[in-house]
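First the structure, in the form of C-alpha coordinates, and then the observations on it.
The values are calculated or read from the model by the stated rules, or taken from the named source; none is laboratory data. These figures come from a predicted structure and were not determined experimentally. Here Cβ is always computed from backbone atoms with ideal geometry, including for glycine, and neighbour counts include all displayed protein chains. Only protein heavy atoms, including side chains, enter the accessible area calculation; ligands, DNA and RNA are left aside. Shrake-Rupley method; radii C 1.70, N 1.55, O 1.52, S 1.80 Å.
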Amino acid sequence: IQFTERLLAASIGAASARLTLTTALRGSGMELGEVMSLLDEASHELRFNREILSATLENLSQAVSVVDRDLRLVAWNRRYQQMFEYPDGMLYVGRPVADLIRYNAERGELGPGDIEGQVGKRVAYLREGSPHVFERVRANGQVIEMRGQPLPGGGYVTTYSDITDYKLAEQALRDSNETLEARVMERTLELADALADAERANASRARFVAAASHDLLQPL
(Lines give C-alpha, C1' and ligand atoms only; values in the text may rest on other atoms or scores of the structure.)
Protein backbone atom coordinates (compact mmCIF):
# COMPACT_ATOMS: atom_id res chain seq x y z
CA ILE A 1 0.00 0.00 0.00
CA GLN A 2 2.79 2.42 0.88
CA PHE A 3 4.61 1.60 -2.36
CA THR A 4 1.46 2.28 -4.38
CA GLU A 5 0.89 5.53 -2.54
CA ARG A 6 4.42 6.70 -3.33
CA LEU A 7 3.93 5.91 -7.01
CA LEU A 8 0.66 7.85 -7.09
CA ALA A 9 2.18 10.75 -5.15
CA ALA A 10 4.93 11.10 -7.76
CA SER A 11 2.25 11.70 -10.40
CA ILE A 12 -0.67 13.44 -8.74
CA GLY A 13 0.69 14.73 -5.43
CA ALA A 14 0.69 13.34 -1.91
CA ALA A 15 -2.74 14.62 -0.85
CA SER A 16 -4.47 13.34 -3.98
CA ALA A 17 -2.69 10.00 -3.74
CA ARG A 18 -3.80 9.51 -0.13
CA LEU A 19 -7.41 10.34 -0.98
CA THR A 20 -7.44 8.10 -4.07
CA LEU A 21 -5.93 5.16 -2.24
CA THR A 22 -8.22 5.56 0.78
CA THR A 23 -11.26 5.60 -1.49
CA ALA A 24 -10.07 2.51 -3.33
CA LEU A 25 -9.43 0.60 -0.09
CA ARG A 26 -12.91 1.44 1.20
CA GLY A 27 -14.34 -0.09 -1.96
CA SER A 28 -16.38 2.99 -2.86
CA GLY A 29 -15.99 4.30 -6.37
CA MET A 30 -15.13 7.92 -7.09
CA GLU A 31 -17.34 10.14 -9.15
CA LEU A 32 -15.98 11.46 -12.45
CA GLY A 33 -16.11 14.99 -11.09
CA GLU A 34 -13.94 14.00 -8.11
CA VAL A 35 -11.37 12.34 -10.39
CA MET A 36 -11.23 15.42 -12.64
CA SER A 37 -10.87 17.68 -9.63
CA LEU A 38 -7.95 15.63 -8.30
CA LEU A 39 -6.25 15.61 -11.69
CA ASP A 40 -6.77 19.34 -12.12
CA GLU A 41 -5.25 19.97 -8.71
CA ALA A 42 -2.31 17.69 -9.46
CA SER A 43 -1.78 19.33 -12.85
CA HIS A 44 -1.79 22.78 -11.23
CA GLU A 45 0.79 21.67 -8.66
CA LEU A 46 3.01 20.20 -11.34
CA ARG A 47 2.84 23.38 -13.42
CA PHE A 48 3.61 25.46 -10.34
CA ASN A 49 6.61 23.29 -9.44
CA ARG A 50 7.84 23.37 -13.03
CA GLU A 51 7.61 27.16 -13.10
CA ILE A 52 9.56 27.41 -9.86
CA LEU A 53 12.24 25.10 -11.22
CA SER A 54 12.45 27.04 -14.49
CA ALA A 55 12.69 30.40 -12.71
CA THR A 56 15.38 29.06 -10.38
CA LEU A 57 17.50 27.71 -13.24
CA GLU A 58 17.20 30.90 -15.26
CA ASN A 59 18.37 33.04 -12.33
CA LEU A 60 21.56 31.08 -11.80
CA SER A 61 24.78 32.64 -13.05
CA GLN A 62 26.13 29.20 -13.94
CA ALA A 63 25.03 27.12 -16.89
CA VAL A 64 23.10 24.01 -15.79
CA SER A 65 22.11 20.78 -17.51
CA VAL A 66 20.24 17.80 -16.08
CA VAL A 67 20.03 14.32 -17.61
CA ASP A 68 17.95 11.35 -16.50
CA ARG A 69 19.10 7.81 -15.75
CA ASP A 70 19.09 7.06 -19.49
CA LEU A 71 21.42 10.03 -20.04
CA ARG A 72 18.80 12.06 -21.88
CA LEU A 73 18.46 15.79 -21.41
CA VAL A 74 15.53 16.73 -19.16
CA ALA A 75 16.33 20.28 -17.98
CA TRP A 76 18.70 23.15 -18.74
CA ASN A 77 18.83 26.93 -18.61
CA ARG A 78 19.43 29.63 -21.21
CA ARG A 79 22.95 30.19 -19.93
CA TYR A 80 23.80 26.60 -20.89
CA GLN A 81 22.74 27.15 -24.49
CA GLN A 82 24.54 30.49 -24.69
CA MET A 83 27.79 29.24 -23.17
CA PHE A 84 28.22 26.37 -25.63
CA GLU A 85 26.52 28.16 -28.53
CA TYR A 86 24.00 25.41 -29.24
CA PRO A 87 21.75 26.26 -32.20
CA ASP A 88 18.09 26.92 -31.54
CA GLY A 89 16.14 23.66 -31.52
CA MET A 90 19.14 21.50 -30.67
CA LEU A 91 18.20 21.27 -27.00
CA TYR A 92 14.97 19.47 -26.24
CA VAL A 93 13.68 17.12 -23.55
CA GLY A 94 14.79 13.59 -24.34
CA ARG A 95 17.85 14.56 -26.41
CA PRO A 96 20.68 12.04 -25.75
CA VAL A 97 23.53 13.83 -24.02
CA ALA A 98 25.93 11.88 -26.25
CA ASP A 99 24.68 13.99 -29.18
CA LEU A 100 25.67 17.19 -27.38
CA ILE A 101 29.08 15.81 -26.41
CA ARG A 102 29.67 14.75 -30.02
CA TYR A 103 28.66 18.19 -31.26
CA ASN A 104 31.23 19.82 -28.97
CA ALA A 105 33.92 17.30 -29.92
CA GLU A 106 33.39 17.96 -33.64
CA ARG A 107 33.97 21.69 -33.02
CA GLY A 108 37.25 20.97 -31.21
CA GLU A 109 35.87 21.92 -27.79
CA LEU A 110 37.22 18.72 -26.19
CA GLY A 111 40.72 18.98 -27.61
CA PRO A 112 42.50 16.68 -30.04
CA GLY A 113 41.69 12.98 -30.30
CA ASP A 114 39.22 10.51 -31.74
CA ILE A 115 35.72 11.99 -31.54
CA GLU A 116 33.89 8.77 -30.72
CA GLY A 117 36.54 7.95 -28.12
CA GLN A 118 35.98 11.32 -26.47
CA VAL A 119 32.22 10.80 -26.49
CA GLY A 120 32.50 7.28 -25.07
CA LYS A 121 34.83 8.38 -22.28
CA ARG A 122 32.53 11.15 -21.11
CA VAL A 123 29.40 9.05 -21.34
CA ALA A 124 31.17 6.41 -19.24
CA TYR A 125 31.88 9.05 -16.57
CA LEU A 126 28.18 9.89 -16.42
CA ARG A 127 27.16 6.24 -16.24
CA GLU A 128 29.52 5.67 -13.31
CA GLY A 129 27.49 8.22 -11.37
CA SER A 130 30.38 9.59 -9.33
CA PRO A 131 30.84 13.28 -8.47
CA HIS A 132 33.52 15.11 -10.42
CA VAL A 133 35.12 18.53 -10.73
CA PHE A 134 37.42 19.48 -13.58
CA GLU A 135 38.36 22.39 -15.77
CA ARG A 136 38.10 22.65 -19.53
CA VAL A 137 39.99 25.20 -21.62
CA ARG A 138 37.91 25.93 -24.69
CA ALA A 139 39.25 26.66 -28.15
CA ASN A 140 38.54 30.40 -27.62
CA GLY A 141 40.62 30.45 -24.42
CA GLN A 142 37.65 30.47 -22.06
CA VAL A 143 38.13 28.35 -18.94
CA ILE A 144 35.07 26.44 -17.74
CA GLU A 145 34.82 24.69 -14.37
CA MET A 146 32.47 21.72 -14.57
CA ARG A 147 30.93 20.19 -11.45
CA GLY A 148 28.89 17.00 -11.80
CA GLN A 149 26.69 15.43 -9.14
CA PRO A 150 24.58 12.25 -9.45
CA LEU A 151 20.88 12.47 -8.58
CA PRO A 152 19.30 10.12 -5.99
CA GLY A 153 16.83 8.59 -8.42
CA GLY A 154 19.34 8.27 -11.25
CA GLY A 155 20.56 10.88 -13.64
CA TYR A 156 23.10 13.64 -13.39
CA VAL A 157 23.18 17.39 -12.86
CA THR A 158 26.15 19.41 -14.09
CA THR A 159 26.98 23.07 -13.52
CA TYR A 160 29.35 25.04 -15.73
CA SER A 161 31.07 28.18 -14.39
CA ASP A 162 33.13 30.64 -16.41
CA ILE A 163 36.33 31.07 -14.35
CA THR A 164 38.41 32.74 -17.06
CA ASP A 165 38.83 36.01 -15.12
CA TYR A 166 39.80 34.09 -11.97
CA LYS A 167 42.43 32.10 -13.91
CA LEU A 168 43.84 35.28 -15.47
CA ALA A 169 44.08 36.92 -12.04
CA GLU A 170 45.69 33.78 -10.64
CA GLN A 171 48.28 33.76 -13.41
CA ALA A 172 48.97 37.47 -12.95
CA LEU A 173 49.51 36.92 -9.23
CA ARG A 174 51.81 33.98 -9.97
CA ASP A 175 53.82 36.08 -12.42
CA SER A 176 53.99 38.91 -9.89
CA ASN A 177 55.26 36.54 -7.20
CA GLU A 178 57.89 35.13 -9.55
CA THR A 179 59.02 38.67 -10.47
CA LEU A 180 59.13 39.64 -6.81
CA GLU A 181 61.17 36.55 -5.94
CA ALA A 182 63.59 37.33 -8.76
CA ARG A 183 63.98 40.93 -7.54
CA VAL A 184 64.54 39.76 -3.96
CA MET A 185 67.17 37.30 -5.15
CA GLU A 186 68.86 39.96 -7.25
CA ARG A 187 68.85 42.42 -4.35
CA THR A 188 70.18 39.74 -2.01
CA LEU A 189 73.09 39.07 -4.38
CA GLU A 190 73.78 42.81 -4.63
CA LEU A 191 73.82 43.11 -0.83
CA ALA A 192 76.08 40.06 -0.58
CA ASP A 193 78.51 41.61 -3.06
CA ALA A 194 78.41 44.91 -1.18
CA LEU A 195 79.06 43.12 2.10
CA ALA A 196 81.96 41.25 0.57
CA ASP A 197 83.40 44.51 -0.76
CA ALA A 198 83.02 46.06 2.69
CA GLU A 199 84.75 43.10 4.33
CA ARG A 200 87.60 43.31 1.83
CA ALA A 201 87.87 47.07 2.45
CA ASN A 202 87.93 46.52 6.22
CA ALA A 203 90.62 43.87 5.85
CA SER A 204 92.71 46.19 3.65
CA ARG A 205 92.22 49.04 6.10
CA ALA A 206 93.28 46.82 9.00
CA ARG A 207 96.44 45.80 7.15
CA PHE A 208 97.21 49.44 6.36
CA VAL A 209 96.73 50.53 9.98
CA ALA A 210 98.93 47.66 11.19
CA ALA A 211 101.63 48.57 8.72
CA ALA A 212 101.39 52.27 9.51
CA SER A 213 101.53 51.58 13.24
CA HIS A 214 104.62 49.48 12.74
CA ASP A 215 106.29 52.20 10.70
CA LEU A 216 105.43 54.82 13.28
CA LEU A 217 106.68 52.72 16.15
CA GLN A 218 110.03 51.94 14.55
CA PRO A 219 111.60 55.39 15.23
CA LEU A 220 110.25 55.37 18.75
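One table, with the values for the structure above:
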read-out: J(HN,Hα) series, region 102-118, from Karplus relation 6.51 cos²θ - 1.76 cosθ + 1.60, nearest Hz, glycine and proline x; value: 4, 4, 5, 5, 5, 8, x, 6, 9, x, x, x, 5, 5, 5, x, 5
read-out: Net charge, H132 excluded, C-beta distance under 13 Å - Lys, Arg +1, Asp, Glu -1; value: +2
read-out: Trypsin sites (Lys or Arg not before Pro) restricted to DSSP loop in region 59-116 with at most 12 other C-beta within 10 Å; value: R107
read-out: Neighbourhood net charge (11 Å Cβ-Cβ; Lys/Arg +1, Asp/Glu -1) for A17; value: +1
read-out: Cα centroid separation - region 53-89 against region 124-173, whole Å; value: 14
read-out: In order through region 87-96: 3J(HN,Hα) via Karplus (6.51 cos²θ - 1.76 cosθ + 1.60), integer Hz, x for Gly, Pro; value: x, 4, x, 6, 9, 8, 4, x, 5, x
read-out: Accessible area per residue, Å², region 70-116 with all protein chains present, probe 1.4 Å; value: 54
read-out: For region 164-180, 3J(HN,Hα) per residue [Karplus equation, 6.51 cos²θ - 1.76 cosθ + 1.60, θ = phi - 60°, Hz, x = Gly/Pro]; value: 4, 4, 4, 5, 5, 5, 4, 5, 4, 5, 5, 5, 5, 5, 5, 5, 5
read-out: Three-way shape label, region 61-168, alpha-carbon gyration tensor, a/c 1.5; value: rounded
